[in-house]
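Structure, as structure tokens:
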Amino acid sequence: MGRRLSLWPLVLVLGLLAPASAQPLATASARESESLTGPRSALQKNWIGLRSLPAATEILVMAGHADSQGIAGSGTAGAAVALAGLAPMQPGITDELYWNLALAQAVVARGQLRGLNIRYYEPPLRTIHHQDDPRTNWSVGQRHVRSGGYALEIHLDAYGSSGIGSGVIPALRGPFTRVDESLAAAFGAYPMGFRGGLGGPRRGVTLLEIGKLEGALEASLRDPSRREAAIAFIADRVALALAAGLDQPLVSPPPRGVGSVPPGRDRPASSGGG
Ligand SMILES: [Zn+2]
């Protein structure tokens, strides 16, 4: 409902106008990705992220449910534990949190390799009863966003019919960002204000559902011989989407040789001013 829906025809037209040569590659890459992470959210994307963020924006990455174990909102147990009766990956925490922690840290590591200004936060306790405690993911994320940063919380969706699929749930503070738009292109999207506006998005924290914790995704993560590659593959997709959603740096790295200082970045116009 609402005026944002009227933007859809524009999006469709822009999609049709995309260069034909870009299509096969994008489609193949999307198929390869989805064979690991499963179906995308089929819910309607009723928002468009147009707000640009500077290339140097500090990105804070967190693992969903890292502060809510043993209480409501501890995350999904995953199909392997809940349906097949396998042991949890680690006693005392949900399998979702176990993988969220691994994925969030991998996103930060891969992002740093790509030159992103990106860091990781993990709460000091696994159970924090009050959402607004200053140590929770959402409180730290909210402060980070208020000071000009971008905050992302990594999740895995529920298995079976209660899960929806991969996709970004955009931050609701301030106009939607191009970074969230870029994540939507890579992973799919949920409607804005999903479930009445979840606690994270209402505080300015974007949530990313990597995929449902079942099937090929869960099997790849649980298989020690495939785990590392699966985590790296997913983390790279996230880091690439984050990088693509930020404004490009004004200068590229020095192409070659010594002393090739790109003009006009460090000093606005002249070095004379104070
Ligand atoms: Zn979750």
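Quick check: is even one residue across the range 40-63 at pLDDT below 95 and either within 16 Å of the ligand (Cβ to nearest atom) or of a type in the set (K, R) (or both)? Looking through the range 40-63, none of the residues is at pLDDT below 95 and either within 16 Å of the ligand (Cβ to nearest atom) or of a type in the set (K, R) (or both). Are any of the residues in the range 112-119 in contact with a helix residue (DSSP H, G or I) (Cβ under 6 Å, 6 or more places away or on another chain), over 23 Å from F176 (Cβ atoms) and crowded, with 20+ Cβ neighbours inside 10 Å? No; the residues of the range 112-119 include none that is in contact with a helix residue (DSSP H, G or I) (Cβ under 6 Å, 6 or more places away or on another chain), over 23 Å from F176 (Cβ atoms) and crowded, with 20+ Cβ neighbours inside 10 Å. Just so you know, in the range 182-192 the residues that are part of a loop (DSSP other than H, G, I, E, B) and in contact with a Gly (Cβ under 6 Å, 6 or more places away or on another chain) include one that is farthest from P170 (Cα to Cα), and it is G188. Can you spot a residue in the range 137-149 that is among the small types (G, A, S) and within 16 Å of the ligand (Cβ to nearest atom)? Yes.
I'm trying to understand the selection: among the residues of the range 90-104, which are more than 15 Å from the ligand (Cβ to nearest atom) and in contact (Cβ under 8 Å) with a residue 40 or more places away in the chain? The answer is none; no residue qualifies.
Residues that are of a type in the set (G, A, S), under 18 Å from S35 (Cα atoms), surrounded by fewer than 21 Cβ atoms within 10 Å (Cβ to Cβ) and more than 18 Å from the chain's Cα centre (by Cα): does the range 180-190 have at least one? No; the residues of the range 180-190 include none that is of a type in the set (G, A, S), under 18 Å from S35 (Cα atoms), surrounded by fewer than 21 Cβ atoms within 10 Å (Cβ to Cβ) and more than 18 Å from the chain's Cα centre (by Cα).
Say we look at the range 193-216 and pick out the residues that are modelled with pLDDT of 95 or more and part of a loop (DSSP other than H, G, I, E, B); which of these is farthest from the ligand (Cβ to nearest atom)? The residue in question is G204.
Once the range 64-76 is narrowed to residues that are modelled with pLDDT of 95 or more and away from the ligand (no atom under 11 Å from the Cβ), the residue that is nearest to D223 (Cα to Cα) is Q69.
The values are calculated or read from the model by the stated rules, or taken from the named source; none is laboratory data. Everything numeric in this text was worked out from a predicted model, so none of it was measured. Note that each Cβ is placed from the backbone with ideal geometry, even for glycine, and that neighbours are counted across all protein chains shown.
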